[in-house]
1. Among the listed pairs Lys8/Lys72; Lys65/Lys116; Lys8/Lys76, give every one whose C-alpha distance is greater than 27 Å.
2. In debye to the nearest 20, how big a dipole does region 41-137 give about its Cα centre with +1 on each Lys and Arg Cβ and -1 on each Asp and Glu Cβ?
3. Along its three principal axes, how long is the chain when you only count alpha carbons? Whole Å, largest extent first please.
4. How far is helix 103-112 tilted, in degrees, relative to the longest principal axis of the Cα atoms in the chain, given as a value from 0 to 90 rounded to the nearest 10?
5. Obtain the radius of gyration and the Kirkwood radius of region 84-138 from its C-alpha atoms and give Rg over Rh.
Amino acid sequence: MEINLVRKSGKFNFEAENSSGFKVELDAKQEIGGEGKGFRPMEMLLIGLGGCSGIDMVNVLTKQKEPLNDVKISIKATRKDQEMPPIFDVINIHFDLYGTLSVQKVERALDMTFDKYCSVSNILGRSAQINFTYTIHQ
């Protein structure tokens, strides 16, 4: 795995590119001189958590032959602002699942995702409390 970053403009605006050529822009918060031209690095961690857990959960539900039509993920997090570095202390992730799904299979898929498969949640879970919830929309 390889990521390369180049500074684009201003003091803190970077463009990151992976080995497949996909790009994303990052910037610092405006209070320290960022220009709002991209995601902040801590937001990228939450994106990684959403993507990792979403991919793993969909994979488990697919193996369980569950008819998942769509999924939407929302994440809200708080940080220990009084400490340095100000790391996440609580991360709440919610899954809106669309399809005629078994509650038991969804719960098993999410338990397996967060306990076993999602590398990002296992890393972030060492310093933050991660809570997940879901709603099934038939």
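Every read-out reported here was derived from the displayed coordinates using simple, explicitly stated rules and does not represent laboratory data. Note that this is a predicted model, so its numbers are computed, not measured. Please note: Cβ atoms are built from the backbone with ideal geometry, for glycine as well, and neighbour counts cover all protein chains shown.
1. Cα-Cα > 27 Å for Lys8/Lys72; Lys8/Lys76; rest within.
2. Roughly 200 debye, rounded to the nearest 20.
3. The Cα atoms of the chain stretch 50, 37, 26 Å along the principal axes, largest first.
4. Around 40 degrees separate the two axes.
5. 1.06
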